[in-house]
Amino acid sequence: MTKRITFDGPVILGAGLAGLSAALAAKMALVLSPTPLATGCSSAWAQGGMAAALSGEDTPALHAADTIAAGAGLCDPKAVELLTREGPQAVRDLAALGAPFDRKAPKDGESDGFVLSLEAAHSKARVARVGGDGAGAAIMAAVIASVRATPTIEIRENARARRLLQDKTGRVIGVLAEIDGALVEIRSPAVILATGGVGGLYAVTTTPAQVRGEGLGLAALAGATIADPEFVQFHPTAIDIGRDPAPLATEALRGEGSILRNADGRAFMVDYHPAKELAPRDVVARALHAERAAGRGAFLDATEAVGAHFPHEFPAVFEACQSAGIDPRREMIPVTPAVHYHMGGVATDLDGRASLPGLYAAGECASTGVQGANRLASNSLLEAAVFGARAGRAAAAEGTHGGEPVSLEPLPDLPDAALQTLRKAMSRDAGVIRDAAGLTRLLAQIEALEPAYGPCPTIVAARLIVEAALARQESRGGHYRSDFPATAEPLRTFVTLESADAAVRYAAE
């Protein structure tokens with residue numbers, strides 16, 4: 001018999017920065033984490049830092065303009081304005097919790113003294129970092145300590161959502177969770193999805209294996225509207241040493257002056273974009289893909305830009321390289337594009353509300369419209385903190401528990417062998433460069449999985465990405481169609497699982 005728990009605050013699925021920011025803002029919450037805290041979430045792996053207008057030379061308006069330019073016409077200006085306006089205080093609040101951002105003596109007119117890095121497509125140095133490339137882990141350590149010190153926040157580790165519970169009106173009334181192997185019915189006034197992105201659906205990714213679109217699939221199967229699922233960001237410089245997931249060579253290395261070269265030592269970015277190494281991520285990713293496809297290889301040369309300073313300026317990158325027998329102080333680092341971030345997700349308003357009553361989403365699994373078609377570097381941790389807190393406050397105000405659940409049946413899991421086959425197919429046909437032939441082949445492969453394994457959230461997430469990619473007959477941001485290389489009218493994708501069976505529905509921003 002399934003155990004039943006009733007909780008008066010929001011239940012939060014996921015314990016990355018978005019989920020824990022929501023919990024702190026809600027003040028009373030139940031957090032379900034599939035892994036021990038600080039593991040299994042992309043937030044803890046983030047290297048670059050948090051982008052915000054923290055210097056006297058910068059403003060939220062400049063940050064907003066850079067975000068909108070990178071988003072390739074699909075950003076929601078209201079969401080971007082909110083993010084960039086609230087961003088500086090979000091960084092200061094995390095610093096107050098104990099996040100050890102790198103500091104220096106502040107200049108006249110400045111009070112913080114944050115060390116700020118320049119990253120691709122930013123017009124100003126505005127990325128606050130920790131220990132060069134350790135921002136995510138350090139920020140998460142501070143937030144976790146604060147959460148653990150809050151007695152009204154309950155944490156259940158080794159807990160996975162197996163279904164969103166809904167009453168006969170469609171309202172989300174809780175979650176069916178598997179906790180330490182046992183099914184538990186958890187009833188609550190609101191559920192916040194903070195489950196991360198879709199990297200684990202691809203064979204080459206920089207994200208934890210557990211992050212494979214389950215929140216997106218759970219929401220879609222409940223009937224929620226999904227926005228922009230086709231927009232997947234590929235980080236240009238994953239370290240190509242045959243590891244799954246692939247270690248990341250942070251973009252801050254290129255901000256410091258590192259050069260992308262082919263096997264002959266030629267700096268090739270001059271052929272692709274005037275900004276060269278600091279071009280938008282989608283441009284750099286396609287350049288690396290092209291060089292590798294042509295057999296010329298791709299390497300990041302930081303020997304002069306960083307050199308002997310590697311061990312203390314970029315310790316995570318240095319350790320990853322050393323583990324594979326590479327000394328980045330003297331050798332070039334082999335790199336490859338890898339899935340890094342999902343711009344699409346569960347469609348929400350600016351307070352995290354999804355299209356279903358009682359359901360909220362925050363962080364990478366949500367689509368507020370702030371990231372557009374191509375996320376600006378280091379805006380992800382910022383979005384998690386800002387919109388996670390907003391979702392937590394809004395969800396905490398929900399007062400009703402709703403009716404009885406229509407179904408208590410857990411949704412099926414995709415067996416590992418089938419998942420690995422799907423990952424390879426997604427990288428092959430829904431990767432950096434796409435076309436109708438590959439996407440059609442991939443969609444047929446996904447559709448063949450459904451009768452065998454049922455409505456698995458991972459299969460549903462993959463199908464939504466592929467169907468929307470096939471329907472978007474243009475190239476924009478992270479979505480590049482070799483058979484439709486031109487850019488068309490800037491329309492966002494809004495789709496439900498029911499409407500996706502027929503056609504993807506577009507709506508003007």
Out of everything in the range 306-346 that is acidic (Asp, Glu) and in a loop (DSSP other than H, G, I, E, B), what residue ends up being surrounded by the most Cβ atoms within 10 Å (Cβ to Cβ)?
Glu331
Verdict on Ala252 being over 16 Å from Val204 (Cβ atoms), buried (at least 22 other Cβ atoms within 10 Å of the Cβ) and touching an Asp or Glu at 6+ places or on another chain (Cβ under 8 Å)
yes
When (1) farther than 30 Å from His63 by Cα; (2) outside any helix (DSSP H, G or I); (3) not small (Gly, Ala, Ser) are applied to Thr440, the one that fails is (2)
Sort through Ala99, Ala145 and tell me the only one that's over 22 Å from Glu277 (Cα atoms) and surrounded by fewer than 17 Cβ atoms within 10 Å (Cβ to Cβ).
Ala145
Name the residue, out of Leu83, Leu54, that is modelled with pLDDT of 90 or more, surrounded by 24 or more Cβ atoms within 10 Å (Cβ to Cβ) and not in a loop (DSSP other than H, G, I, E, B).
Leu83
Index of the failed condition, Thr225 passing every other in (1) under 17 Å from the mean Cα position of the chain (by Cα); (2) over 24 Å from Ala70 (Cα atoms); (3) at pLDDT 95 or above:
(1)
Pair list, Cβ < 7 Å and 6+ apart or interchain, from the range 333-350 residues that are closer than 17 Å to Asn374 by Cα to residues that are aromatic (Phe, Trp, Tyr) and part of a strand (DSSP E or B):
Pro337/Phe234; Ala338/Phe234; Val339/Phe234; His340/Phe234; Ala347/Phe494
Of the residues in the range 286-345, those that are at pLDDT 95 or above, touching a Gly at 6+ places or on another chain (Cβ under 7 Å) and within 30 Å of Gly73 (Cα to Cα) number 4
Single match in Ala430, Ala377 (criterion: in the same structural domain as Pro485 (by TED's automatic domain parsing), surrounded by 22 or more Cβ atoms within 10 Å (Cβ to Cβ) and of a type in the set (Gly, Ala, Ser))
Ala430
Scanning the range 275-305 for residues that are over 22 Å from Pro245 (Cα atoms) and basic (Lys, Arg), the one surrounded by the fewest Cβ atoms within 10 Å (Cβ to Cβ) turns out to be Arg296
Looking only at the range 391-442, count every residue that is under 30 Å from Leu183 (Cα atoms), within 24 Å of the chain's Cα centre (by Cα) and of a type in the set (D, E, K, R) and tell me the total.
4
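The values are calculated or read from the model by the stated rules, or taken from the named source; none is laboratory data. Just so you know, these numbers come straight off a predicted model, no measurement behind them. So basically every Cβ, Gly included, is an ideal-geometry build from the backbone, and we count neighbours across all protein chains shown.
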